[in-house]
Amino acid sequence: MDTDGDGFHHPASEAELVALVKDAYARGRQLRVRGAVHSVSHAIYGDPVGELPNRVDQQSPPGGDCIEVMLDRYRGWRVKDEGRKLVEVEAGIHLGEDPSDPTGGATLETSLLRQLWDERKWTLSNLGGITHQTVSGFTATGSSGGSVRFSVNENLYGFRIIDGTGEVHELTREDADPDLFHSCSPNMGLLGVVSTIVLECVDAYNISGQESISTVQECDIDLFGEGGEGRPSLEEFLRDAEYARLEWWPQRGVDRVLVWQAQRMAPQLGFRPERYREFAAHPGSAETFISILYTIIGNLDDLSRARPQLERTFARVRELLEVVPAIEKLGRFGEALAKFISHGADHGLDAAIEVMKPFAGWLEGEVPSVFPKLLGIFIPLDSAKEGVEKGEPQSFRDYAWQGLPMDNAADDRILPTEFTEIWLPLPRAQQAMRLLRDYF
């Protein structure tokens, strides 16, 4: 089978997937299947990687001898057992919309979660912070959201996997020996090519919740201690909360904690979502500003190196004009950054970089003192939000499939993120937090 000129094979059925695997086996070639490319490229594509940058969101393969597969034509789903809410999904379907999908086909309307909700009022027990992934990629990496109470593993019922010779294996959790089934999440692609996954769905539910932003001392959770006096320890909080996410900013002078938490609520007639707003203080400009700020700070020794990322962001630079007066008040660093934004909005990226270059030498020394103030403009404490009384968090309520992935609104290209997930035993939460505190 030939590629479509983009370096990928695009099978439309399990039979075509099997044929690709058998061809690779017969010719001694590697075969790799890409999902939403949320891992670094060298972990996705086959050897030799050549000059391919080892970064996230690398949409094109290296062009070597490996059989590279994209499952954009294999995105169907069907009800397998109505009474048990068993749904068989093809490996290429995305949980939600994928804005980075090069084919443009991974839309909200074609997503599994939206279709399950529209057609059956079914959903999954838990989700990750985003739902751009393919279902097969989501399970292959053992992805999960912030909950000790609920897990998407509860929804996994079966897999059809094509092994390295092209033989198809059907595994379920009801097998006499379910060890192979349990090894499928996570599997990292090591067991073969996942063809379909059977999910045991649950009835749709809504969520309601809140997000507070406070100092470590004022936080309702005892982040580093054993809890007491009405403040649970971190372990206690995570065990009791149905869904939770914490962001801790440990930099000197920043001292803030974002606590996002939600609980299930039964569907209601006439329910109207009140969507969670990331960067609620300046939802239109915060991620653009943070992207520019981090890009500049990370490239002060050579601002021209920052050009590729700044080019992605600069189309939205006019959004930042509303905050220029506040930035200008933050000393020399603030003045230089405000000039960069204003001059760039009027004259373009090249002119902005030239304006910033004379200041780059001394800006690095200003970062520790000005960073907390800059962050405070876009992630202010609850007590500092205009028109909000001290301690009043942001409240929200939503359909679970739409509200649990709270980071879906963030732009992957404006705020590209590479990170490592470290899993720790929950009883070690206090020890881990104290080690991190002492380290920072």
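Of all residues in the range 182-204, one or more are over 30 Å from Arg34 (Cβ atoms) and in contact (Cβ under 8 Å) with a residue 24 or more places away in the chain. The lone criterion from (1) modelled with pLDDT under 95; (2) touching a helix residue (DSSP H, G or I) at 6+ places or on another chain (Cβ under 9 Å) left unmet by Asp6 is number (2).
Checking the condition in a helix (DSSP H, G or I), of a type outside the set (Ser, Thr, Tyr) and either surrounded by fewer than 19 Cβ atoms within 10 Å (Cβ to Cβ) or modelled with pLDDT of 85 or more (or both), which residue from Gly387, Gly391, Gly284, Gly334 passes?
When all the criteria are applied, what remains is Gly334.
Quick check on this structure: which one of Val79, Val56, Val18 is of a type in the set (Val, Ile, Thr) and assigned to a helix (DSSP H, G or I)?
Working: Val79 fails: assigned to a helix (DSSP H, G or I); Val56 fails: assigned to a helix (DSSP H, G or I).
Testing whether each residue is of a type in the set (Val, Ile, Thr) and assigned to a helix (DSSP H, G or I) leaves just Val18.
Looking only at the range 252-266, decide whether some residue is farther than 29 Å from Ala400 by Cα and either open to solvent by less than 30 Å² (accessible area, probe 1.4 Å) or assigned to a strand (DSSP E or B) (or both). Yes; the residues of the range 252-266 include at least one that is farther than 29 Å from Ala400 by Cα and either open to solvent by less than 30 Å² (accessible area, probe 1.4 Å) or assigned to a strand (DSSP E or B) (or both). Within the range 295-331, the set of residues being open to solvent by less than 80 Å² (accessible area, probe 1.4 Å), outside any loop (DSSP other than H, G, I, E, B) and either touching a Phe, Trp or Tyr at 6+ places or on another chain (Cβ under 7 Å) or among the charged types (D, E, K, R) (or both) comprises Arg307, Glu319, Leu320, Val323. The conditions of being modelled with pLDDT under 95 and either in contact with a helix residue (DSSP H, G or I) (Cβ under 9 Å, 6 or more places away or on another chain) or part of a helix (DSSP H, G or I) (or both) are not met by Val69. Applying the condition of being part of a loop (DSSP other than H, G, I, E, B) and under 21 Å from Val202 (Cβ atoms) to the range 109-123 and asking which residue is least open to solvent (accessible area, probe 1.4 Å) yields Ser111.
The values are calculated or read from the model by the stated rules, or taken from the named source; none is laboratory data. Predicted, not measured: the structure shown is a model, and the values here were computed from it. FYI the Cβ positions are ideal-geometry reconstructions off the backbone, even for glycines, and counts take in every protein chain you see. Protein only, heavy atoms only, side chains kept; ligands, DNA and RNA dropped before computing areas. Shrake-Rupley method; radii C 1.70, N 1.55, O 1.52, S 1.80 Å.
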